[in-house]
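Please read the structure below before turning to the comments.
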Amino acid sequence: MSQSKSPSLMDSSILAPAIAGAFKKLNPRTLAKNPVMFVVAVVSTLTTVLFIKDVATGGPSLGFSFQIIIWLWFTVLFANFAEAVAEGRGKAQADSLRRARTETQAKLLSGEDRTTFRLVPGASLKVGDIVLIEAGDIIPSDGEVIEGIASVNESAITGESAPVIRESGGDRSAVTGGTQVLSDWLWVRITSAAGSTFIDRMIALVEGAERKKTPNEIALNILLAGMTLIFVLATATIPSFAAYAGGSIPVVVLVALFVTLIPTTIGALLSAIGIAGMNRLIQFNVLAMSGRAVEAAGDVDTLLLDKTGTITFGNRQAAEFLPVKGVTDEELADAAQLASLADETPEGRSIVILAQERYGVAARDTHGLDATFVPFTAQSRMSGVDMVGSAIRKGAVDAVLAYVNRTAAASGTSGTTLATRATADVVRNLQGIAGQIARGGGTPLAVARDGDLLGVIYLKDVVKGGIRERFAELRRMGIRTVMITGDNPLTAAAIAAEAGVDDFLAQATPENKLDLIREEQSKGKLVAMCGDGTNDAPALAQADVGVAMNTGTVAAREAGNMVDLDSDPTKLIEIVGIGKQLLMTRGALTTFSIANDIAKYFAIIPAMFLAFYPQLGALNVMGLQTPQSAILSAIIFNALIIVALIPLSLRGVKYRAVGAGALLSRNLLIYGLGGVIVPFAGIKAIDVIITSLGLA
Amino acid sequence: MTVNGWMQILVFCSIIILLVKPLGGYMTRVFNGDRTLLSPVLVPVERALFRMAGTSEREEQRWTTYSASLLVFSLAGFLVLYCLQRFQGALPFNPAAMGGTEPGLAFNTAISFVTNTNWQNYGGESTMSYLVQMAGFTVQNFVSAATGIAIAIALIRGFTRASGKSIGNFWVDLTRCTLYILLPPCIILTLVYVYLGVPQTLGTYVDATTLEGARQTIALGPVASQLAIKMLGTNGGGFFNVNSAHPFENPDAVSNLIQMVTIFAIGAALTNVFGRMAGNQRQGWAIFAAMGILFLAGVTACYWAEAAGNPLVHALGVDGGNMEGKETRFGIALSALFAVITTAASCGAVNAMHDSFMALGGMIPLINMMLGEVIIGGVGAGLYGMLLFVIITVFVAGLMVGRTPEYLGKKIEAKEVKMAMLAVLVLPLAMLGFTAISTILPTAVASVANAGPHGFSEILYAYTSAAANNGSAFGGLTGNTPWYNITLGISMWMGRFFVIIPALAIAGSLAAKKTVPESPGTFPTHGGLFVGLLIGVILIVGGLTFFPALAVGPIVEHLAIGLGQTF
């Protein structure tokens, strides 16, 4: 399941089973799922029976009929083959998953205080059972950690070898059956019975066993079935027309016309396209719980993106030191660096680095300073350092101001002038700077030394490079992006402007997130979002495309209709692209298939009626050699085009982030106009080949 | 082809284009229940009618109720018309003392007028009493046209309403359409036709002695009033047997122009109604453009074929175009234009005999009808037929932009596709199915006047015209036989109601959907690209089905004539 390159089409490990699969799928029950190919199989059987009868009674032109019948069956087999190849690619992935699902023994806890356990087979676990998992154990089934913390190797499902932390409570409490605990221990409450675990579902999904037809696929099948019926009428009425003209037409020729006219190309490739779409997601390490979700991804109008991790790097970074009047940049940088030396948070690190790189404050060794570091607490909302004769604090502006006032009051008795230096003027100056930073979307950190206000550190949410262009791209595709953040509206607006999102939801809570989704949906829009926490679950469930992070809670994973194994929220954008590609591929091949009919009519109609209306030879615009070669060429082209298009249906039509109009004209030119022209050339070429081979 | 001929075609097209917007605006106001110029007079009338019918303009119907109302209304119309014909001998206004029509013919004719087809297996002046013509046919000419328009409006409401349950009120739509849209112009047109020399009388037929001394009965009747609605409602049922080729039914070039314009007027304007109701007139113009391009292609082909004339006749030393079956007062250009208009628009009135057209000239009317009468089409029927093709087009190609296909913000899903395909399927079923049976049925083949492909075309044309609810006849086929009366009747019934019900089902399904706001990712349906695409789908999905039939009919006939062969 790693992100290794997908097996190529020509891979013999896929081809050989696919060829066998093509024959296995001749089972009428399997064929019946695909109306177009089922009809082809029925008429192929009919002509085969008639052929056998002709052979027995010595009918005319047996060689020609035989060739037609062979190609009719090839048409069915090629369709089956396309589906088998698509499934084969998934099967390879399923096999590697299956290896993870080895039989395990589980330590089922019992007793009130859960002190004792007994070994039971993993498969016998029921939902609600509580098991102990210790270092080295394979987690027997999906569950939720209720006690303990452990590092877990989840490479079996994510392909990522670095271990992840799983702990009770919070958003990292879900464990997946088949993964392995590397250190420590966990108490896990089982949430899935054997056979319905996450890995089981993944296997079923990638194998396509649970594949249900998606709404668009159903509608497309109706269209194709309808067109098939229309062509039943078009061909079934021909014998009487011929009889009126005093001629007759062999059944095999009628069948050939019929099969070439009905949309076999798209009919044959439809399910392969769907399976390949799911596979593309899987190669991307995203699991769609249904094809419906993939399709919905293509339709998404609004993307809800979490600010943190998607739009910005998770952490704020120091961007600038802004001293108050009378303090130099270097003075402030020096103090800020000292206060941050022991601060291991990304913010603290970034302050040290900024001081060093921008202001040339040399790195200092914490040990040589004889300093006591004051850690950040939620109460003080400050951190800093106490050195001999000097104390530096940095923190939230109001907290630092309060600290300065306290210091001044305390030292007032000793008669120093410190308090007077923190004049109202300086405070106003500092608050002014801080306000400006806040309005710009940054976070101001005030710095004070020995009761003196020095200035402000400008902490900035750093927007990821290239994200602005991605959003512009989405806008061209007609997708609106909404940034979700817990920040205040001011900060949110500034980041939204910088990142180029269309809208933002500040001070987001699970409730207003859900409201936002409902509001968008009430306008008829489809909404996609990703989330990981339990409190995201309602929104994930409400969204049309809910991508749960694999690191997330069980609740989130159950609520979403996709799981991102890499837990990378940026992927939402790619998921939309894959969904669109799936729909486009279907549309392109449908158009191509229908456009093909023009050439096929011109190949077969003159050939068909030539015996009694030789004048119709004028319609033989391709100049095909004989009526028999014309009919044979058309049916061969019809069969071979399926094989020729398998790579395209698996790969998908190239997707570009341009407006619908441009996309349409491009695809229409390639698949519409191409669909009209290609068969003329193809049928002519086949005609030349088979006549030179003496086949017809 | 002559410059003069093309100028006449151009004049016609310009008038239609100029009519689209004002007429569309007026009709939109009528169906939205807004005040119009005629409101002061007609509002009390419609209120009284609603009260009598026990309905109100505020009462809305679901698509099922709407369909049921429509079906009940059509059934009632059928029964009344059938009875009127059967018992006309005992009823008043029968100066020529016509006897009751026989059941097969009465069945065929009743269906024909209820379905807005106006296929006529009878000669009006020699079969039907004035009462049947006036109280039967003329009434149906109005209400069958109004029914068609009502369906189109209901379908438009489906596209334009969001999350709604109802699609309007059939009785209100029917009444308003008749009162505001059909009646007022018909009153004026009747007077104009009378001025131009069309008879309007309840008097008896006139006996005359010709210059040679032969005695002749000249048929008269309330012609002008029926003529007006025959065109405006795209009915096409002639008062006289030869329809608008008869000098009393189409005296001169002016009456001919008025007739052609009135055939297209409402159908063309409905595209604008559609655009207005959809909130973007360009959507309407796009559909109009698709219709217009197909129409002009048809006119060009037909005019060319007729003007080129018959090589077999040329070989005899007679130059010029094909004038067989054409009135000299209209000539080739206006006959070809009329033929294309009448078949594009599901009217079926003729001013020349299509049977006598060149093979390809006669193929154009055939193709127009096979495409499902969507080129302007019957009033209402043309628009809803076209919208069914739009649904298929949007579905086939819409996926190519990477979204679930949408049209006017409505997602096109399984139900819409199913219904649209059902409607598209019924035409080849009736047209090709009955033709196939008839061509091998000796009694049916016996009705054919010509041997070979032309005879085939006659049968094909009959069923095509019936199923498309056109009503024009190729001629040459003796239609008043039990087989044709029954099967053509069934074809008309199928072609009407098996398209209407799916269309209304789609309206109901669409009305219930949310409207997705337009974005740059939305499939654009008001530009040239869409127009081209729509035409392509109409020709491939709607047209290619008939290629084999056309090949063994007009195409082979044309090729044979080129080789000097006859059948």
Please go through the range A:556-577 and pick out each residue that is surrounded by 24 or more Cβ atoms within 10 Å (Cβ to Cβ) and within 14 Å of another protein chain (Cβ to nearest Cβ).
A:Ile575, A:Val576
Would you confirm whether any residue within the range A:449-461 is free of Cβ contacts under 8 Å to residues at least 24 places away in the same chain and over 22 Å from A:Glu330 (Cβ atoms)?
no
Quick one: what pairs do we get from the range A:665-688, first residue over 21 Å from B:Ala397 (Cβ atoms), second of a type in the set (D, E, K, R) and part of a helix (DSSP H, G or I), C-beta under 9 Å, 6+ apart or different chains?
A:Ile683/A:Lys600
Suppose the filter is out of contact with any strand residue (DSSP E or B) (no Cβ under 9 Å at 6 or more places or on another chain) and over 14 Å from A:Val462 (Cα atoms); does A:Gly298 pass it?
yes
May I ask you to say which residue of A:Val327, A:Val385 is assigned by the TED database to the domain that holds A:Gly432 and either among the aromatic types (Phe, Trp, Tyr) or assigned to a loop (DSSP other than H, G, I, E, B) (or both)?
A:Val327
Can you give me the ranges of the helices (runs of 4 or more DSSP H) entirely in the range B:455-567 with at least 3 residues that are within 12 Å of chain A (Cβ to nearest Cβ)?
B:528-537, B:547-550, B:556-562
Let me confirm something: among B:Gly298, B:Gly284, B:Gly221, B:Gly236, which residue is modelled with pLDDT under 90, under 26 Å from B:Tyr384 (Cβ atoms) and open to solvent by less than 10 Å² (accessible area, probe 1.4 Å)?
B:Gly236
Which one of these is modelled with pLDDT under 95, within 15 Å of B:Thr178 (Cβ to Cβ) and of a type outside the set (S, T, N, Q): B:Val139, B:Val132?
B:Val139
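Okay, residues lined up against (1) open to solvent by less than 20 Å² (accessible area, probe 1.4 Å); (2) under 30 Å from B:Val448 (Cα atoms); (3) of a type in the set (A, V, I, L, M, F, W, C):
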| residue | (1), (2), (3) |
| --- | --- |
| B:Phe497 | no, yes, yes |
| B:Ile501 | no, no, yes |
| B:Lys513 | no, no, no |
| B:Gly521 | yes, no, no |
| B:Val531 | yes, no, yes |
| B:Thr545 | yes, yes, no |
| B:Pro548 | yes, yes, no |
| B:Gly553 | yes, yes, no |
Test result for B:Thr55, polar (S, T, N, Q), modelled with pLDDT of 90 or more and open to solvent by less than 40 Å² (accessible area, probe 1.4 Å):
no
Strands (runs of 3 or more DSSP E) contained entirely in the range A:111-197, each with at least 3 residues that are among the hydrophobic types (A, V, I, L, M, F, W, C)
A:116-121, A:130-134, A:143-153, A:180-190
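For (1) closer than 19 Å to B:Leu550 by Cβ; (2) buried (at least 24 other Cβ atoms within 10 Å of the Cβ), each residue gets a yes or a no:
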{"residue": "B:Met363", "(1), (2)": "yes, yes"}
{"residue": "B:Gly372", "(1), (2)": "yes, yes"}
{"residue": "B:Thr393", "(1), (2)": "no, yes"}
{"residue": "B:Gly409", "(1), (2)": "no, no"}
If we keep just the residues of the range A:587-607 that are more than 8 Å from chain B (Cβ to nearest Cβ) and open to solvent by 10 Å² or more (accessible area, probe 1.4 Å), which is nearest to the chain's Cα centre (by Cα)?
A:Phe592
Going through A:Thr553, A:Thr509, A:Thr534 one at a time, which residue ends up being buried (at least 24 other Cβ atoms within 10 Å of the Cβ), among the hydroxyl-bearing types (Ser, Thr, Tyr) and farther than 30 Å from B:Leu408 by Cα?
A:Thr553
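Assess whether B:Asp207 counts as being open to solvent by 10 Å² or more (accessible area, probe 1.4 Å) and touching a helix residue (DSSP H, G or I) at 6+ places or on another chain (Cβ under 8 Å). Spell out how you get there, then give the answer.
Numbers: open to solvent by 10 Å² or more (accessible area, probe 1.4 Å): yes; touching a helix residue (DSSP H, G or I) at 6+ places or on another chain (Cβ under 8 Å): no.
When the stated conditions are applied, B:Asp207 does not pass them.
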Condition first: in a helix (DSSP H, G or I), in contact with a helix residue (DSSP H, G or I) (Cβ under 6 Å, 6 or more places away or on another chain) and not aliphatic (A, V, I, L, M). Now tell me which residues in the range B:343-390 satisfy that.
B:Thr343, B:His354, B:Gly361, B:Gly362, B:Pro365, B:Asn368, B:Gly382, B:Tyr384, B:Phe389
How about the range A:210-313: which helices (runs of 4 or more DSSP H) wholly inside it have at least 1 residues that are within 9 Å of chain B (Cβ to nearest Cβ) and of a type in the set (Phe, Trp, Tyr)?
A:215-236, A:238-244
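I want to confirm something. Restricting to the range B:431-453 and keeping residues that are in contact with a Pro (Cβ under 9 Å, 6 or more places away or on another chain) and within 12 Å of another protein chain (Cβ to nearest Cβ), which single residue is most open to solvent (accessible area, probe 1.4 Å)?
By that ranking, first place goes to B:Ile440.
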Can you tell me which residue is nearest to A:Trp71 (Cα to Cα) among those in the range A:638-668 that are facing chain B (nearest Cβ under 10 Å), open to solvent by 20 Å² or more (accessible area, probe 1.4 Å) and part of a helix (DSSP H, G or I)?
A:Leu668
Condition test on A:Val547, is it under 28 Å from B:Ser519 (Cα atoms), within 14 Å of chain B (Cβ to nearest Cβ), buried (at least 24 other Cβ atoms within 10 Å of the Cβ) and of a type in the set (Val, Ile, Thr)?
no
Of the conditions (1) open to solvent by 20 Å² or more (accessible area, probe 1.4 Å); (2) of a type outside the set (Gly, Ala, Ser); (3) within 13 Å of another protein chain (Cβ to nearest Cβ), A:Gln625 satisfies every one except a single condition; which number is it?
(3)
If you scan the range B:20-41, which residues turn out to be open to solvent by 10 Å² or more (accessible area, probe 1.4 Å) and farther than 22 Å from B:Gly292 by Cα?
B:Arg29, B:Phe31, B:Asn32, B:Gly33, B:Asp34, B:Arg35, B:Thr36, B:Leu37, B:Leu38, B:Pro40, B:Val41
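The values are calculated or read from the model by the stated rules, or taken from the named source; none is laboratory data. Since we're looking at a predicted model, the values are computed, not measured. Because the Cβ atoms are built from the backbone with ideal geometry, glycine has one as well, and the counts that use them run over all protein chains shown. To get the accessible areas, we keep the full protein, side chains included, count just its heavy atoms, and leave off ligands, DNA and RNA. Shrake-Rupley method; radii C 1.70, N 1.55, O 1.52, S 1.80 Å.
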